[in-house]
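The values are calculated or read from the model by the stated rules, or taken from the named source; none is laboratory data. Source: prediction; values computed, not measured. Cβ sites come from the backbone with ideal geometry, for glycine too, and all protein chains shown count toward neighbours. Just the protein is used for accessible areas: all its heavy atoms, side chains included, with ligands, DNA and RNA removed. Shrake-Rupley method; radii C 1.70, N 1.55, O 1.52, S 1.80 Å.
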Amino acid sequence: MTNDKQQVNVIGGGLAGTEAAWQIAQAGVPVVLHEMRPVRLSPAHHTVELAELVCSNSFGAKSSDRAAGLLHEELRRLGSIIIGKADQHAVPAGGALAVDRAVFSRELTETLASHPLIELQREEVPQITTTGVVVLTTGPLTSPALAEDLQQFTGLEYFSFFDAASPIVVGESINRDIAFMASRYDKGEAAYLNCPMNREQYRHFWEELCAAQKAELKDFEQETAKFFEGCLPIEEMARRGEDTMRYGPLKPVGLFDARKGDFRAPENQHQRPYAVVQLRQEDKAGQLWNMVGFQTNLRWGEQKRVFRLIPGLEEAEFVRMGVMHRNTFLNAPELLQPTLQFKKRSTLLAAGQLVGTESYTAAAAGGWLAGTNAARLVLGLELVTMPPTTMMGALFDFISSASPKHFQPMPPNFGILPELPVRIKNKRERYGAYRDRALADLDGWLSRLRVSAAEKLLYSNNITLTYSDSKLLN
């Protein structure tokens with residue numbers, strides 16, 4: 001196969017950009033992947049690897065009757081490199097798909113850098129290339145120069161919200177006499193360390209958390225900050241009410257210390273924790289543990305002081321403190337088509353958090369669709385959209401058709417899927433029905449492929465990534 005096809009430029013080497021570049025190259029189209037690190041660093045990244053996982057090492061629930069798990073399964077069937085590597089480098093996390101983030105990012109970097117059709121360029125791109133096919137995947141931390149150029153191109157203001165990362169603790173510094181291993185309702189392997197609190201301990205922790213000093217936002221404008229509800233800083237959650245955390249990340253329901261007997265037994269009900277702080281394994285060796293739901297913008301000294309009030313973390317050694325940064329995203333309904341093309345320029349596509357999708361898996365899904373359609377543009381093929389009954393199809397339909405006036409970032413969730421033909425009251429059964437319909441429709445979409453002999457040859461090394469005639473989706 002010759003490489004005389006027009007090359008595609010992908011700007012941004014996060015999850016979406018990595019996925020997009022891979023899909024373009026797998027289609028036989030040359031691609032240049034531009035990543036500004038280490039030439040220009042971001043306020044949130046810690047390495048120069050592609051697809052670095054900044055906030056957490058978890059891709060969300062594994063089960064396909066959960067929104068994130070369904071999106072995982074859809075991407076597996078579409079040949080996603082991100083989900084493939086996540087499966088390969090998974091670490092124990094109960095019902096969640098979590099990875100050894102260092103190995104995950106390093107292997108993705110090596111895999112893409114060694115692909116004969118991918119050229120990795122370490123440079124800042126201050127302006128959008130005006131010719132050829134371009135995929136924009138610069139994420140929530142787009143460089144100021146490129147952000148300004150993009151704003152001029154769109155003619156619209158960005159929306160912004162604040163995102164934050166949780167601290168990571170050394171496993172050996174956690175008091176295992178207090179912390180116990182368990183997953184909620186004993187689901188899956190016991191993969192979380194749980195630090196239980198009684199009422200007095202919780203109230204003291206809550207009071208100190210509310211009074212703790214926050215870090216200055218420096219270049220950020222506090223008065224314009226808006227928090228994304230799915231990633232609230234723990235101190236912001238605490239300030240919303242004494243019990244807010246107990247109904248959120250510190251929820252004690254379904255967590256039992258087997259060493260003290262079965263809390264579900266009537267005679268042991270008085271031993272149930274009032275609140276529980278969970279820590280999720282960060283690496284395969286179990287040496288590092290992420291404080292689940294503890295995204296924060298507290299001063300580092302305050303983090304150590306307050307978080308060491310948690311039973312079991314009195315001597316905690318922190319290898320990474322919580323940080324907070326501003327995310328930017330586009331008003332996608334105003335700007336994008338369901339194919340992830342810009343309405344003003346069909347050869348410019350975008351994906352990832354920049355377009356208002358939330359979660360690692362959603363970023364990979366956007367990269368898959370934008371990369372797929374970028375390759376098809378070069379090859380002169382009709383572009384594709386996903387069936388709206390799939391999680392991918394519903395997500396990208398939402399961001400391209402929601403009300404522009406009230407648009408906010410959207411994570412994968414069953415609420416954006418079309419209603420089932422028959423109402424199912426039981427939530428678990430209803431989610432299972434959504435899953436069954438989504439995967440059946442995705443399989444049907446893939447089975448109705450109409451590919452020419454030339455296209456079959458083009459995709460001979462990755463036949464699962466061939467596509468249906470878009471007319472079949474109308």
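Quick look at the values:
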| quantity | calculated |
| --- | --- |
| Scan of the range 96-123 for residues that are free of Cβ contacts under 8 Å to residues at least 12 places away in the same chain and touching a strand residue (DSSP E or B) at 6+ places or on another chain (Cβ under 7 Å), ordered by number | Ala113 |
| Residues of the range 13-45 that turn out to be assigned to a loop (DSSP other than H, G, I, E, B) and open to solvent by less than 10 Å² (accessible area, probe 1.4 Å), as a count | 6 |
| Test: residue in the range 157-169 that is more than 24 Å from Thr357 (Cβ to Cβ), outside the structural domain of Glu334 (by the TED database) and in contact with a Gly (Cβ under 8 Å, 6 or more places away or on another chain) | yes |
| Given (1) of a type outside the set (Phe, Trp, Tyr); (2) over 16 Å from Val10 (Cα atoms); (3) in contact (Cβ under 8 Å) with a residue 40 or more places away in the chain, index of the condition Pro388 fails | (3) |
| Residue among His115, His46, His89 that is touching a Phe, Trp or Tyr at 6+ places or on another chain (Cβ under 6 Å) and over 30 Å from Lys427 (Cβ atoms) | His89 |
| Hits in the range 172-204 - residues which are in contact with a Phe, Trp or Tyr (Cβ under 9 Å, 6 or more places away or on another chain) and under 17 Å from Lys304 (Cβ atoms) | Ser173, Ile174, Cys195 |
| Phe398 being open to solvent by 30 Å² or more (accessible area, probe 1.4 Å), in the same structural domain as Ala438 (by the TED database) and in contact with a Pro (Cβ under 9 Å, 6 or more places away or on another chain) | yes |
| Unmet requirement for Val48, which otherwise passes all of (1) among the aliphatic types (A, V, I, L, M); (2) open to solvent by 40 Å² or more (accessible area, probe 1.4 Å); (3) within 19 Å of the chain's Cα centre (by Cα); (4) at pLDDT 90 or above | (4) |
| Lone unmet requirement of (1) assigned to a loop (DSSP other than H, G, I, E, B); (2) out of contact with any Ser or Thr (no Cβ under 9 Å at 6 or more places or on another chain) for Glu382 | (2) |
| Residue among Ala365, Ala370, Ala375 that is at pLDDT 95 or above, within 30 Å of Asp283 (Cα to Cα) and not in a strand (DSSP E or B) | Ala365 |
| Hits in the range 341-355 (condition: surrounded by 24 or more Cβ atoms within 10 Å (Cβ to Cβ) and free of Cβ contacts under 8 Å to residues at least 60 places away in the same chain) | Val355 |
| Unmet requirement for Lys214, which otherwise passes all of (1) surrounded by fewer than 14 Cβ atoms within 10 Å (Cβ to Cβ); (2) within 25 Å of Val323 (Cβ to Cβ); (3) of a type in the set (D, E, K, R) | (1) |
